[in-house]
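Undergrad: Supplied in structure tokens, the structure appears directly below.
The values are calculated or read from the model by the stated rules, or taken from the named source; none is laboratory data. This one's a predicted model, so the numbers in the text were calculated from it and none came from an experiment. FYI the Cβ positions are ideal-geometry reconstructions off the backbone, even for glycines, and counts take in every protein chain you see. Side chains are part of the model used for accessible areas, which takes the heavy atoms of the whole protein and leaves out ligands, DNA and RNA. Shrake-Rupley method; radii C 1.70, N 1.55, O 1.52, S 1.80 Å.
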Amino acid sequence: PFGLETYGERLLVCDGRRGLLLVDPQGGGVEVLVGDIDGAPMRFCNNAAVASDGSVYFSDSSTRYGPTEWKQDFVERTRTGRLVRVPRWAVLG
């Protein structure tokens with residue numbers, strides 16, 4: 001994981017390739033909260049943070065390169081990283 005954060009009794013996990021996951025440590029369930037953005041799969045999810053209103057912010061460092069190709073992103077200066085917000089209602093379903 002490229003980021004872990006508690007969310008109530010569950011964990012937010014930034015999986016570099018799968019996206020933002022919600023994990024139930026008691027039951028072992030894993031739910032993909034955000035696996036793609038605007039129909040395009042996430043490439044490098046990381047660094048989740050929970051705001052005081054329950055929204056979740058996380059970054060997707062590149063829309064072109066994943067965790068194993070991160071240096072190429074610097075070489076090409078793609079500047080495609082982004083900050084994403086998931087509102088509380090979307091996390092709680």
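Undergrad: Scan the stretch 32-48 residue by residue and report those that are closer than 16 Å to Pro87 by Cβ and either under 10 Å from the mean Cα position of the chain (by Cα) or open to solvent by 60 Å² or more (accessible area, probe 1.4 Å) (or both).
TA: Leu33, Val34, Ala48, listed by residue number.
Undergrad: Continuing with this model, one more query. Please indicate, with yes or no, whether at least one residue in the stretch 10-31 is surrounded by fewer than 16 Cβ atoms within 10 Å (Cβ to Cβ), at pLDDT 80 or above and among the aliphatic types (A, V, I, L, M).
TA: Yes - at least one qualifying residue is present in the stretch 10-31.
Undergrad: Filter the stretch 56-77 down to the residues that are loosely packed, with under 12 Cβ neighbours inside 10 Å and within 22 Å of Arg88 (Cα to Cα) and list them by number.
TA: Hits for the stretch 56-77: nothing passes.
Undergrad: I've got another one for you. So, in the stretch 52-88, of the ones that are modelled with pLDDT of 85 or more and in contact with a Lys or Arg (Cβ under 8 Å, 6 or more places away or on another chain), which residue ends up farthest from Leu4 (Cα to Cα)?
TA: Residue satisfying both the conditions and the ranking: Asp53.
Undergrad: What's the number of the condition Asp53 fails, among (1) surrounded by 12 or more Cβ atoms within 10 Å (Cβ to Cβ); (2) in contact with a helix residue (DSSP H, G or I) (Cβ under 7 Å, 6 or more places away or on another chain)?
TA: (1)
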